[in-house]
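The structure appears right after this line, and notes come after that.
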Amino acid sequence: MRHLTTASTLATVCCLGLAACTGSEDRSTPQPRPRPALELGQSADTAGVGGRGAAQITADTVVYVDSTSFGAPEHGLFAVVNYQSRNRTKSRVTTTAEQGGWRWKTADGHTVTARNSKASTKVAPIGFSEGGAVLTSEMGHQDVAVFDIAAAEKGGTLIYVDGDGTAFRWKIPARNSGSAVPALKYALS
C-alpha cells in the first residue's frame, strides 16, 4: 500500500510539473515598446553611424514655406525643421543626418527622406545650416532637415533613424512652430 501511495504521489507531482512546463503562457521574446513621440524642443540620445559614439538630437522648430530665396519646392511646400546635434562623447561622432537619417511621415503613412527633391537640396539658410554630420569632441551643431512635400502633408511625424537603426519620433504641428520661427523664416526669405 505504501508503494502504491508513493507511486501515485510521484505521478501527480510529475504531471503537475509537466503541465507547468507546457502551459499556455507565451514565453516568446518580448518586443521593444515603441518610443513615445517627442515634442519640438525635446531631445533624443542617439547612436552615431555604425553604432559608434553618441549624439543628442533636438528638433526644435518647423517652418512651412512655398518659396525661398533658394528656389521653389517641386511638390508645393518645403517643411524646414531646425535641429541641434551635440556630441555626447570625447571622440568624434558622425550622425546619420546626411545618410538618410531624417524622414517625414504624413498622417496617411507616406514617408519621404530629407532632401527628397533637387529643389530641397539647395535650401541652406544662413545661420541654420552650419556644421554638418561630423561632431568633434563635446561639440554641437545647428542644421536643418528639409522636406519637399504637398500642402496636404503638413504636420505629421518627424523621424530620425540613428546608427543602431533605432527610430526617434517628434510630433510635428501643421503650422509654423518652435523657438526659432521668426529667425528661420527670415533666413529662408
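The values are calculated or read from the model by the stated rules, or taken from the named source; none is laboratory data. Just so we're clear, the structure is a prediction, and the values are computed from it rather than from any experiment. Every residue, glycine as well, gets a Cβ built from its backbone with ideal geometry; the counts of neighbours run over all protein chains shown. Side chains included, ligands, DNA and RNA excluded: accessible areas come from the protein's heavy atoms. Shrake-Rupley method; radii C 1.70, N 1.55, O 1.52, S 1.80 Å.
The rows are residues; the columns are (1) closer than 30 Å to Lys90 by Cα; (2) of a type outside the set (Phe, Trp, Tyr); (3) assigned to a loop (DSSP other than H, G, I, E, B).
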| residue | (1), (2), (3) |
| --- | --- |
| Ala124 | yes, yes, yes |
| Gly127 | yes, yes, yes |
| Gln142 | yes, yes, no |
| Leu184 | no, yes, no |
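Suppose the filter is out of contact with any strand residue (DSSP E or B) (no Cβ under 6 Å at 6 or more places or on another chain) and open to solvent by less than 10 Å² (accessible area, probe 1.4 Å); does Pro125 pass it?
Details: out of contact with any strand residue (DSSP E or B) (no Cβ under 6 Å at 6 or more places or on another chain): yes; open to solvent by less than 10 Å² (accessible area, probe 1.4 Å): yes.
Spelling it out, Pro125 is indeed out of contact with any strand residue (DSSP E or B) (no Cβ under 6 Å at 6 or more places or on another chain) and open to solvent by less than 10 Å² (accessible area, probe 1.4 Å).
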Is it true that Thr157 is touching a strand residue (DSSP E or B) at 6+ places or on another chain (Cβ under 6 Å) and within 23 Å of Arg35 (Cβ to Cβ)? yes
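Take the stretch 150-165 and flag every residue that is surrounded by 16 or more Cβ atoms within 10 Å (Cβ to Cβ), among the small types (Gly, Ala, Ser) and more than 25 Å from Val93 (Cα to Cα). I'd like the intermediate steps shown before the answer.
Within the stretch 150-165, the first condition is being surrounded by 16 or more Cβ atoms within 10 Å (Cβ to Cβ), and the residues that meet it are 153-163.
Then drop every residue that is not among the small types (Gly, Ala, Ser), which leaves 155-156, 163.
Selection gives Gly155, Gly156.
Among Phe147, Phe168, which is the only one that is under 19 Å from Leu77 (Cα atoms), surrounded by 15 or more Cβ atoms within 10 Å (Cβ to Cβ) and under 16 Å from the mean Cα position of the chain (by Cα)? Talk me through it step by step, then tell me what you get.
Numbers: Phe168 fails: under 19 Å from Leu77 (Cα atoms).
Phe147 is the lone residue from the list that is under 19 Å from Leu77 (Cα atoms), surrounded by 15 or more Cβ atoms within 10 Å (Cβ to Cβ) and under 16 Å from the mean Cα position of the chain (by Cα).
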Any residue at all in the stretch 85-95 that's open to solvent by 50 Å² or more (accessible area, probe 1.4 Å), of a type in the set (Ser, Thr, Tyr) and part of a loop (DSSP other than H, G, I, E, B)? yes
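Condition check ((1) at pLDDT below 95; (2) polar (S, T, N, Q); (3) part of a strand (DSSP E or B); (4) open to solvent by 60 Å² or more (accessible area, probe 1.4 Å)) across all residues:
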site: Leu40; (1), (2), (3), (4): no, no, no, no
site: Asp45; (1), (2), (3), (4): no, no, yes, yes
site: Gln56; (1), (2), (3), (4): no, yes, yes, no
site: Tyr83; (1), (2), (3), (4): no, no, yes, no
Do you know which of the residues in the stretch 96-113 that are assigned to a strand (DSSP E or B) and either of a type in the set (Lys, Arg) or under 12 Å from Ile57 (Cα atoms) (or both) is least open to solvent (accessible area, probe 1.4 Å)? Trp102
Please go through the stretch 150-159 and pick out each residue that is under 18 Å from Ala119 (Cβ atoms) and under 21 Å from the mean Cα position of the chain (by Cα). Glu153, Lys154
Does Val93 count as in contact (Cβ under 8 Å) with a residue 40 or more places away in the chain and touching a helix residue (DSSP H, G or I) at 6+ places or on another chain (Cβ under 6 Å)? no
Of these, Val134, Val65, Val49, which one is open to solvent by 10 Å² or more (accessible area, probe 1.4 Å), of a type in the set (A, V, I, L, M, F, W, C), in contact (Cβ under 8 Å) with a residue 60 or more places away in the chain and closer than 22 Å to Asp164 by Cβ? Val49
Residue pairs, Cβ under 9 Å, 6 or more apart or interchain, first in the stretch 177-189 and among the polar types (S, T, N, Q), second surrounded by fewer than 15 Cβ atoms within 10 Å (Cβ to Cβ). List them. Ser179/Gly41; Ser189/Ser67; Ser189/Ser69
